[in-house]
Every structure is written in structure tokens, then in C-alpha cells.
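I'd like to ask you about the structure that follows.
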Amino acid sequence: MGSTPTAMPAIILILWILFTVSISEALGGSAGIGVNYGRLGSNLPPPAQVAQFLARNTVIDRVKLFDTDPSTLQAFDNTGVAIDVTISNDLISNLTNLPFAKYWIQANILPYIATTNITRILVGNEVLSTANKSLISSLVPAMQNLHTALVGVSLHHKIKVSSPHSLAILATSDPPSLGRFQDGYDTAIMKPLLNFLRATNSPFMVNAYPFFGFTRDTLDYALFRLNSGVVDDNTGLTYTNMLDAQLDAVFSAMKLMGSTDVDIVVAETGWPSMGDAGEVGVDMDSARDYNKNLVRHVASGMGTPLMPNRTFETYIFSLFNEDLKPGPMSERNFGLFHPDMMPVYDIGILTTEARMEVNPVMTPANPMPTDVKRWCVPKPSADVMALQENIEYVCAQGIDCNPIQPGGACYHPNTAQAHAAYVMNEYYQSFGRNSFDCDFGQTGAISTIDPSKHDS
Ligand SMILES: *[C@@H]1O[C@H](CO)[C@@H](O)[C@H](O)[C@H]1NC(C)=O
Ligand SMILES: *[C@@H]1O[C@H](CO)[C@@H](O)[C@H](O)[C@H]1NC(C)=O
Ligand SMILES: *[C@@H]1O[C@H](CO)[C@@H](O)[C@H](O)[C@H]1NC(C)=O
Ligand SMILES: *[C@@H]1O[C@H](CO)[C@@H](O)[C@H](O)[C@H]1NC(C)=O
């Protein structure tokens, strides 16, 4: 098993390309990775440059805007990038008037729709969190009017109407199976909202942030890192990450409203890479792990314990670090990119070409780093339980584990040590051979000695 050192460069290059291609393919369908394009920055590049960068250099194929800014909509023309536009909370009560809704579509959508791929209109943001009763009661009527206006111009198949909610709409979220909506809003607002979404084939959208839910003890669980998992005693299901638990709490609440068939979209999720001195869990490694593991999890199509095999279109918050955002320093550091469009950290969303530009070692003339003969191996001190966890973790990330199954080429020797050596190395090689891809909770080490030579 394993590869001979001379065969490694070609194999790694192929794995690298396959990984990039498979992410693009996995994300190309109905579910994928999008990004929130907030513009509260003093130093952000012009929208046209951003649109070209996203379309050419990243696998991101959908963008969520917090407004309907005309120059931004123009910037995305002929890129094919799917755009979600947002109508501010201030206009929701006006939209309860159908002529106004028709006028709004005429003025804000029709001028751009021929060339810009607007696919969704989001009515307000976290409207229920405003606790403004007249605003909240206007939400569903406003959405209905916008849909009616879209029907009037035959755009209702192309453009869907939805509205993102914060997880504060849930009265209970733990355990996930007991998730339910806040009393008072459940039948009065959520039920008609979900009925509208079902009738118009539109998704339910939630802003889900494990970042705002973790404690010191659950940091690994929040970051999709190796952890012992959390069992829902009500169902016996084990959760390996907090996002799944949050989504399943939403699912349980929807189930009480009879709406399990409405798609769920993660409208915002993310993790800051820098914060004030006292902010726990805020650093580059945490942000990178969260967003990188998030992309993998979404691309895997595994779904959640209560929603197996379902995919969730997901919008990372945020595209850029935004220096004008108020609040703690972490608020200004949720970005995947600096304003000069250099990645803050690498989560595998750049296309192969763009990676070569960022990492000059990867030029076509010299396609691989020179020190290619590196393997990830278990540390001799690693205990069997930890190695078993590594095996389960890697096999759940979309790595092909058939070779270590009975009858597979690497089944013998049938020890946790040997199987872990195989899968940990596969993981390390396929995800770009970063040192952090061989950490495995400090049970892995990078070696320059081919481990397969010791196996037989
Ligand atoms: C618009 O975006 C959707 C969703 O990603 C995609 O299916 C469709 O092909 C895009 N349309 C164009 C014209 O590129
Ligand atoms: C929305 O309604 C308010 C109150 O009726 C009004 O003052 C405002 O001008 C309206 N906005 C637009 C854009 O028509
Ligand atoms: C509640 O929303 C309505 C309609 O948008 C608005 O006119 C009113 O000022 C809001 N009330 C408060 C207290 O913000
Ligand atoms: C999920 O997909 C797997 C593999 O394709 C399949 O074996 C399993 O039955 C599916 N589960 C559900 C609930 O659809």
C-alpha cells in the first residue's frame, strides 16, 4: 500500500486537481458555497474587480448582498454568479402595498435581470429579532406581494423570495430533537411563512453561528475538529459538530409546523480570525479550521443526523474583513480575504490557477514543491482510541476508505496503527499537505520516510 516516492509528485498533483475539481463539482449543483459580500469597509476594492475575482479565481458561485446596490448588480453582469439581494427592514411595511411591490421589482430587478443572475430576493434581515410587532406582522404579506409582482413579470421561477432569520427564533435548541420556535411567533408567523416558502419552492434561511454558541469546552466541537461528540439523549443520535446540532434544532422546529420538506439554507455562518485580547477561540487557526471544515462538510453531502444526505446551500460570512463594522475587533475580522484580495488563510476555495499565483512554488514550470517526499504518520505515542477516532473522522470527510475495509488492498495488517497511517496520510495528501492537515489533535506527525515500506 502507499505510493513509491518516485510516483508521488504525479499522484499528489492529480489529487490536488481532483480535490479542487471535486469541490467545484460538488458545489456546482443545487447546493454550494456562497459568500456574504458586506461592504462596511473604507478600503474595499470596486465591485467590478470583486465580481471578476470571484468568478475567475474562486469556486464561489453565489453571492449574498445586504442591499440592492445598482453598481454592484451591474458589476456581476455576465459572470453567471448567482446573486441574492436584500431589501432593508425599513421598506417591509411599504411592501405590504402591492403596487409598491410591483414598482420595487420594476425599479430594482428588471433593469439588471437580463445580464445579472439575480436568483433570490431576501426581505429584511433577522426581522423577528427587531421585536417590532408591526414590522414582524408585515413580513409575510410583503413576501407574498413581491412574489405576486414576480409572477406578473414571469420571473417567479427564476427569482425566489425568502428572509434570513437568526437562531434566536428558537425557544429551545438543545437537544436538537426538541428544537421549537418561540411561542407567539410559531403559529402566527413561522407557520404562514413556511407555508409560503413551500408553495413558492423557496428555502427557509437561517444565520447559524457556532461562534456565538461555543464555550471553552466545546471549541473543538464548534470547529468541526476531532472531539468526543455530543449525544442527543432523546434520539440517541451523536453530533460531531455544533452546526449540525443547530440545523437539526431548526429542522425539529419546522417539523412541529409540518414543514420538513422546505429546504434549509445557511444564509450566514463564519468565524473571525482576529479579536481583542479577551476573546476566546478567536485566531487564524480557528477561523481557517471552521471555514475549511465547513466547506468540506457541505460538499460531502452527508447532511446532518436528522437530515441525512441533505445538502445545504451555505453562505460564509464574510467575503472581506470590514474595517467600518462596530463592536469588538472580531466583528471586523470575519473575512476570507483582505481588501487587497489576498486570502486571510487558505480554505481551498481558490481555483488551481489562482492557487499557483498565491503560492509561487506552484508554477507550471515547477509544478510541485521540491520537497515532495512527505507523509503523514501516526505518532508512536498516539493511543489506539485516538487513532480509531482519526479513522472515523477521515472516512467521514469523503476520503475513500475502501482500501482499509476487509478485502481492500490496505486491510492487512489489520491494526488501528496501520489503518490510521493509511487514512491520515490520504487526508494529508488530498487536502493540500499543509502541516495542519497532519495534526489530528497532536496524534499525527510529518515524516520523510515512506511508511508503506515498513508495513510488510
Ligand atoms: C444562475 O445561478 C444558478 C444557481 O447557481 C445557476 O443554476 C444558473 O445556471 C445561473 N444562470 C446563469 C445564466 O448563469
Ligand atoms: C415607505 O412608507 C413610509 C411611511 O408611509 C414613507 O414615509 C416612505 O416614503 C415610504 N418609502 C418609499 C420608498 O416609498
Ligand atoms: C416598527 O416598524 C414600523 C414599520 O417599519 C416603523 O414605522 C416603526 O418606527 C418601528 N417602531 C420602532 C419602535 O422601531
Ligand atoms: C444516504 O446515502 C447513503 C449512500 O448513498 C445510503 O446508503 C443511505 O440509505 C442514504 N440514507 C437516506 C436516509 O437516504
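How large is ³J(HN,Hα), in whole Hz, for each residue of segment 431-440 in order, when computed from phi with the Karplus curve 6.51 cos²θ - 1.76 cosθ + 1.60 and θ = phi - 60°, using x for Gly and Pro?
Going residue by residue, I get 9, x, 6, 8, 4, 5, 7, 10, 7, 6 Hz, with x marking Gly and Pro.
Once phi is turned into θ = phi - 60°, what whole-Hz ³J(HN,Hα) does the Karplus curve with 6.51, -1.76 and 1.60 give for every residue of segment 418-427, x standing for Gly and Pro?
Once rounded to whole Hz, the list reads 6, 5, 5, 4, 5, 6, 5, 5, 4, 4.
Under the rule of at least 5 residues apart or a separate chain, name every residue whose amide H is placed under 5 Å from the amide H of Val35.
Arg62, Val63, Lys64, Ile316
Another question, if that's okay. For the chain, take the convex hull of the Cα atoms, compute a quarter of its surface area, and give me that in nm², please.
For the Cα atoms of the chain, the hull's average projected area reads 23.0 nm².
Another question about this same structure. Full-extension gain between Asp323 and Ser435, please, as 0.36 nm times their residue separation minus the C-alpha to C-alpha distance.
My answer for the length gained is 37.3 nm.
So what does the Cα-only Debye profile of segment 367-453 read at q = 0.12, 0.20 Å⁻¹, as log10 I(q)/I(0), no solvent term?
-0.32, -0.89
Hey, which lysines would be in cross-link range of Lys373, C-alpha to C-alpha under 21 Å, not counting anything within fewer than 8 residues on its own chain?
By straight Cα distance, Lys373 reaches Lys453.
Between Asn309 and Gln52, what FRET efficiency follows from the Cβ-Cβ distance if R0 is 51 Å, with the result rounded to 0.05?
0.90
With the crude spin-label approximation of a point 7 Å out along Cα→Cβ, what separation in nm comes out for Thr187 versus Asn414?
5.8
Let me ask another. Got the relative contact order for the chain handy, in percent, Cα pairs under 8 Å and 6 or more residues apart?
Normalised by residue count, the contact order of the chain is 17 percent.
So which aspartates and glutamates pass the test for Lys191, namely a Cα distance under 20 Å, with those fewer than 8 places away in the same chain ruled out?
In chain and number order, the partners are Glu126, Asp183, Asp248, Asp261, Asp263.
Continuing with the same structure: I want to check the label-to-label distance for Asn201 and Thr115. Put each point 7 Å from Cα in the C-beta direction and report it in nm to one decimal.
With each label point 7 Å from Cα toward Cβ, the separation is 2.9 nm.
If you roll a 1.4 angstrom probe over the protein chains with everything in place, what fraction of the accessible area of the chain belongs to carbon and sulfur, to the nearest %?
So the carbon and sulfur contribution to the accessible surface is 54 percent.
How much length would be gained if the chain were fully extended between Thr218 and Ser134, taking 0.36 nm per residue of separation minus their Cα-Cα distance, in nm to one decimal?
Using 0.36 nm per residue and subtracting the Cα-Cα distance, I get 26.4 nm.
Using only Cα atoms, locate the centre of segment 244-317 and the centre of segment 69-126, then give the distance between them in Å, rounded to an integer.
26
Follow-up question, since we're still on this one. Starting from 0 in steps of 5 Å, tell me what percent of the Cα-Cα pairs of segment 107-158 lands in each bin.
4, 17, 25, 20, 14, 12, 7, 1
Per-residue ellipticity at 222 nm for the chain, helices alone: DSSP H runs ≥ 4 residues times -39500 (n - 2.57), over residue total, nearest 500 deg cm²/dmol?
-10000 deg cm²/dmol
Based on the Cα gyration tensor of segment 123-182, what are the three equivalent ellipsoid semi-axes, each the root of five times an eigenvalue, rounded to whole Å and given largest first?
The three semi-axes for segment 123-182 are 28, 15, 8 Å.
Over the chain, what is the percentage of antiparallel beta bridges among all DSSP beta bridges, to the nearest 5?
30
From zero outward in steps of 10 Å, how is the percent of C-alpha pairs of segment 224-269 spread across the bins?
Result, from short to long distances: 24, 47, 27, 2 percent.
Next question. If r is the Cβ-Cβ distance from Asp233 to Leu256 and R0 is 25 Å, what FRET efficiency results, to the nearest 0.05?
0.85
Which FRET efficiency, nearest 0.05, do Thr448 and Asp90 yield, Cβ-Cβ r, R0 56 Å?
Efficiency at R0 = 56 Å is approximately 0.35.
Quick test of your reading: applying the under-4.7 Å Cβ rule, which cysteines of the chain are isolated?
For the chain, the answer is Cys410, because their Cβ atoms have no other cysteine Cβ under 4.7 Å.
If one takes the longest principal axis of the Cα atoms in the chain, at what angle in degrees, from 0 to 90 and to the nearest 10, does the Cα axis of helix 133-152 lie?
90
OK, next. In nanometres, what is the gap between the two model label sites at Met284 and Tyr345, each 7 Å from Cα along Cα-to-Cβ?
0.9
Quick check: Cα centre of segment 379-394 to Cα centre of segment 401-456, how many Å?
A separation of 10 Å, based on Cα centres.
The values are calculated or read from the model by the stated rules, or taken from the named source; none is laboratory data. As the structure is a computational prediction, the values presented were derived from the model and not from experiment. Using ideal geometry, Cβ is built from the backbone for each residue, glycine included, and neighbour counts are taken over all protein chains shown. The area values use the complete protein model at the heavy-atom level, side chains included, leaving out ligands, DNA and RNA. Shrake-Rupley method; radii C 1.70, N 1.55, O 1.52, S 1.80 Å.
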